[in-house]
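Some notes on the structure that comes next.
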Amino acid sequence: MVIRNPSLNWEKLQDVFYRTRELCNLKWPIQQEIRYAISSTIIAIEQQKSLQAFDYQGKLVADLDKFAFQTVLKFEFDDNEKLVVVTPNSIITVNQFSPLETNIYSLNEEIQDNIWDYQNGMLIMQQSQDIYEFKGNSINLMQKNDGQYTLLTKEHWNCNGKKAVLLDIN
């Protein structure tokens, strides 16, 4: 017995039928390079003066003033779908957008360095290139460099949240 698709818009995957349909039409800002982060429910887009968060129907959920964060190095969503905003001296998590609820995790005063880059919960310091891990509520040293490696650009390392791969100049 052959089961046919009930409609041209439906596709069969094993015993279940699916169809794709457009939920909304998001209009991205007109810029050459745009920084954004995507979760399963929210899209965060960097504007000139703010970070804007939209739901998937295109409704503005939050408009966060970038100057309140100092310099935004990077932003992304973590595994719990919290927005993580990285600045040179701290990591800010946005726990909810309405009402706005944030937590700020500053670098320990003993760390005489700034954050250079951040990926999936790991960060590299600018001068020492030591690797730290951000676990929910603290920033902990994972690997002290001590001259073992030198990363030239931010593209010379990658992290999946569990392992970091470094592309040393040697």
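Couple of notes before you dig in:
- Complete set of residues in the stretch 71-105 that are part of a loop (DSSP other than H, G, I, E, B), of a type in the set (D, E, K, R) and open to solvent by less than 60 Å² (accessible area, probe 1.4 Å): Asp78
- Test: residue in the stretch 31-41 that is modelled with pLDDT of 90 or more, open to solvent by 40 Å² or more (accessible area, probe 1.4 Å), of a type in the set (A, V, I, L, M, F, W, C) and assigned to a loop (DSSP other than H, G, I, E, B): no
- For first residues located in the stretch 130-150 and among the β-branched types (Val, Ile, Thr), partners that are modelled with pLDDT under 85 and lie 6+ apart or on another chain with Cβ distances below 8 Å form the pairs Ile131/Ala164; Thr150/Asp168; Thr150/Ile169; Thr150/Asn170.
- Close pairs from the stretch 109-121: first at positive phi and assigned to a loop (DSSP other than H, G, I, E, B), partner of a type in the set (A, V, I, L, M, F, W, C) and crowded, with 18+ Cβ neighbours inside 10 Å, Cβ under 7 Å, at least 6 apart: Asn120/Cys159; Gly121/Phe134
- Within the stretch 141-170, if we keep just the residues that are open to solvent by less than 70 Å² (accessible area, probe 1.4 Å) and assigned to a strand (DSSP E or B), the residue that is farthest from Phe77 (Cα to Cα) turns out to be Leu166.
- Ser128 vs. criteria farther than 16 Å from Phe69 by Cβ and open to solvent by less than 70 Å² (accessible area, probe 1.4 Å): yes
- Residue match in the stretch 136-151 (condition: closer than 22 Å to Val85 by Cβ and at pLDDT below 85): yes
The values are calculated or read from the model by the stated rules, or taken from the named source; none is laboratory data. Every value quoted in this text rests on a predicted model; they were computed, and no experiment measured them. So basically every Cβ, Gly included, is an ideal-geometry build from the backbone, and we count neighbours across all protein chains shown. Areas reflect the complete protein model, heavy atoms only, side chains present, ligands, DNA and RNA absent. Shrake-Rupley method; radii C 1.70, N 1.55, O 1.52, S 1.80 Å.
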